[in-house]
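*Asks:* Just dropping this structure here.
The values are calculated or read from the model by the stated rules, or taken from the named source; none is laboratory data. Not measured: the values here are computed from a predicted model. Ideal geometry is used to build each Cβ from the backbone, glycine not excepted, and the neighbour counts take in all protein chains shown. The accessibility values were calculated without ligands, DNA or RNA, using every heavy atom of the protein model including side chains. Shrake-Rupley method; radii C 1.70, N 1.55, O 1.52, S 1.80 Å.
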Amino acid sequence: MTAYLITGVSVVGGEPTDLLIRDGMVAAVGDGLAADDATVVDATGLVALPGLVDLHTHLREPGREDAETVESGSRAAALGGYTAVCAMANTSPVADTAGVVEQVWRLGREAGLVDVQPIGAVTVGLAGERLAELGAMADSAAGVRIFSDDGHCVADPRLMRRALEYVKAFDGVIAQHAEEPRLTEGAQMHEGEVSTRLGLTGWPAVAEEAIIARDVLLAEHVGSRLHVCHVSTAGSVEVLRQAKARGVRVTAEVTPHHLLLTDAKAESYDPVFKVNPPLRTAADIAALREALAEGVIDIIATDHAPHAVEDKECEWAYARPGMLGLETALSIALDVFGPRWDLIAERMSRTPARIAGLTGHGVDPAPGVPANLTLVDPAARRVIEPAELASRSRNTPYARMTLPGRIVATFLRGEPTVLDGKAVK
Ligand code: DOR
Ligand code: ZN
């Protein structure tokens, strides 16, 4: 294994120092380090962060390898500064058995660019009728700990209760896509002033808030862990704030796009802005940013949702919801929060790693810890060109926008997956 000496780097915003990586671990941190056998990486002006961890990634394999594969999504993740991603279960076939989660886990190992931790479905086929084999997925080689029907809500309260009870035995987590389906039938965008003007059927905020309110009560009753996917409204923040104050075991995520883009984007009728839950209002964005800074929302998760051109570049009503996220998430965080490195490390690495139980990830570079880290150039600015993304899909909402920050290098267990801003393999 090659050793790497990273010089002049700021560790999570601290004073410049050197980092020596050897045998997959951070071997030393300090000024004036030397190692004859090491490859030197001049990191003057760069910031080292613990490798980012995404709790919500759609990799599309098996089933839609034209839109993304485990390998192409892993490469996009590494280029975005990630060392671990949790792969959502809405593949085809659905990841609702030990066989499918093991397949995804094995493909992740073979790609070797990030650690791919499969999420298992809560219900068979995401149909919301019968619990999937949660125990078999937990006991499989993939060691599933998070279960989600994401893309769909576990709408039946009795099933949701049973799922929470089931995972309690091994301290698992149910990650809910909070959307009361009866309130969002035919919905195309956020229900509000813009949807009224455009004549598009609205997705009211209360459809999300009602499910979160119900689920925090269920989680409290059962004493299990609930995670809320892609929180998008100010009202949801208030429900979470109250639940956390009562000590409910609930965590929550917000996506980069819900921190930056409003429902006014729908005025273009460009389906790249169609996403579920939909883009909301400026007031929602303000509440989400404040909640993330305070910790009422625990993490940023991308909801990276690649879609093939024919599923996305069509009439708004027929386009699939979802947008790419892995290769731009850190830039959006920098744009929104500026160089608050400790906050970024906490919300994009340490806390998501803890929620997912990914040991070895989400740990700041220090002697003796696994060398899972990323180097960011905070002074760089880049224009997002969809054709240059590593994802197999092109549905980024940031096309031709100039964004701050660039990932210069990413290391997974001491081996570079990205160097000089380019994927190593
Ligand atoms: O916009 C979305 N896209 N929201 C989801 O919940 C699912 C996702 C997808 O799988 O494309
Ligand atoms: Zn979702």
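*Asks:* Which of the residues belonging to region 18-40 are β-branched (V, I, T) and either open to solvent by less than 20 Å² (accessible area, probe 1.4 Å) or within 18 Å of P370 (Cβ to Cβ) (or both)?
*Replies:* Listed by number, the residues that qualify are I21, V26, V29.
*Asks:* Can you find, within region 377-414, the residue that is farthest from V114 (Cα to Cα) among those that are hydroxyl-bearing (S, T, Y) and not in a strand (DSSP E or B)?
*Replies:* So the first thing to find is which residues in region 377-414 are hydroxyl-bearing (S, T, Y), and the list is 391, 393, 396, 398, 402, 410.
Subsequent filtering for residues that are not in a strand (DSSP E or B) retains 391, 393, 396, 398.
Working: S391: 14, S393: 19, T396: 21, Y398: 24 Å.
For region 377-414, the residue satisfying everything is Y398.
*Asks:* Go through region 276-290 and give me each residue that's buried (at least 20 other Cβ atoms within 10 Å of the Cβ) and without any contact (Cβ under 8 Å) to a residue 60 or more places away in the chain.
*Replies:* Those that are buried (at least 20 other Cβ atoms within 10 Å of the Cβ) and without any contact (Cβ under 8 Å) to a residue 60 or more places away in the chain: I285, A287, L288.
*Asks:* Please find, among T39, T17, T57, T2, the residue that is among the polar types (S, T, N, Q), farther than 21 Å from G338 by Cβ and at pLDDT below 95.
*Replies:* Criteria check complete, one pass: T2.
*Asks:* Also, I was wondering about something else. Quick one: L55 ticks every box in (1) within 16 Å of ligand 2 (Cβ to nearest atom); (2) open to solvent by less than 20 Å² (accessible area, probe 1.4 Å); (3) under 17 Å from S393 (Cα atoms); (4) not acidic (D, E) except a single one, so which number is it?
*Replies:* Among (1) within 16 Å of ligand 2 (Cβ to nearest atom); (2) open to solvent by less than 20 Å² (accessible area, probe 1.4 Å); (3) under 17 Å from S393 (Cα atoms); (4) not acidic (D, E), the lone unmet condition for L55 is (3).
*Asks:* If I go through region 18-64 residue by residue, how many of them are more than 16 Å from ligand 1 (Cβ to nearest atom), touching a helix residue (DSSP H, G or I) at 6+ places or on another chain (Cβ under 6 Å) and not β-branched (V, I, T)?
*Replies:* Residues meeting the conditions: 3.
*Asks:* Which of the following residues is touching a Leu at 6+ places or on another chain (Cβ under 9 Å) and either open to solvent by less than 70 Å² (accessible area, probe 1.4 Å) or within 27 Å of G81 (Cβ to Cβ) (or both): V100, V116?
*Replies:* Testing whether each residue is touching a Leu at 6+ places or on another chain (Cβ under 9 Å) and either open to solvent by less than 70 Å² (accessible area, probe 1.4 Å) or within 27 Å of G81 (Cβ to Cβ) (or both) leaves just V116.
*Asks:* Can you tell me how many residues in region 229-278 are acidic (D, E), more than 18 Å from T396 (Cβ to Cβ) and more than 13 Å from ligand 1 (Cβ to nearest atom)?
*Replies:* The qualifying residues number 3.
Quick grid of which residues meet (1) of a type in the set (A, V, I, L, M, F, W, C); (2) in contact with a strand residue (DSSP E or B) (Cβ under 6 Å, 6 or more places away or on another chain):
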{"site": "E294", "(1), (2)": "no, no"}
{"site": "A301", "(1), (2)": "yes, yes"}
{"site": "D311", "(1), (2)": "no, no"}
{"site": "S331", "(1), (2)": "no, yes"}
{"site": "A345", "(1), (2)": "yes, yes"}
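*Asks:* Given the criteria away from ligand 2 (no atom under 16 Å from the Cβ), touching a helix residue (DSSP H, G or I) at 6+ places or on another chain (Cβ under 7 Å) and open to solvent by less than 20 Å² (accessible area, probe 1.4 Å), does M348 qualify?
*Replies:* Taking the combined requirement at face value, the residue satisfies it.
*Asks:* Looking at (1) crowded, with 24+ Cβ neighbours inside 10 Å; (2) within 16 Å of ligand 2 (Cβ to nearest atom), find the lone condition where A187 falls short.
*Replies:* (1)
*Asks:* Here are some conditions: (1) within 30 Å of A27 (Cα to Cα); (2) free of Cβ contacts under 8 Å to residues at least 60 places away in the same chain. S349 meets all but one. Which one does it not meet?
*Replies:* Only one criterion in (1) within 30 Å of A27 (Cα to Cα); (2) free of Cβ contacts under 8 Å to residues at least 60 places away in the same chain is unmet by S349, namely (2).
*Asks:* Only one of A27, A34, A78 is away from ligand 2 (no atom under 16 Å from the Cβ), without any contact (Cβ under 8 Å) to a residue 40 or more places away in the chain and small (G, A, S). Can you tell me which?
*Replies:* A34
*Asks:* So which residues in region 65-76 are within 29 Å of A127 (Cα to Cα), crowded, with 24+ Cβ neighbours inside 10 Å and more than 16 Å from ligand 1 (Cβ to nearest atom), if there are any at all?
*Replies:* Correct list: S74 only.
*Asks:* Scan region 227-265 residue by residue and report those that are free of Cβ contacts under 8 Å to residues at least 40 places away in the same chain, in a helix (DSSP H, G or I), within 19 Å of I355 (Cα to Cα) and open to solvent by 10 Å² or more (accessible area, probe 1.4 Å).
*Replies:* A245
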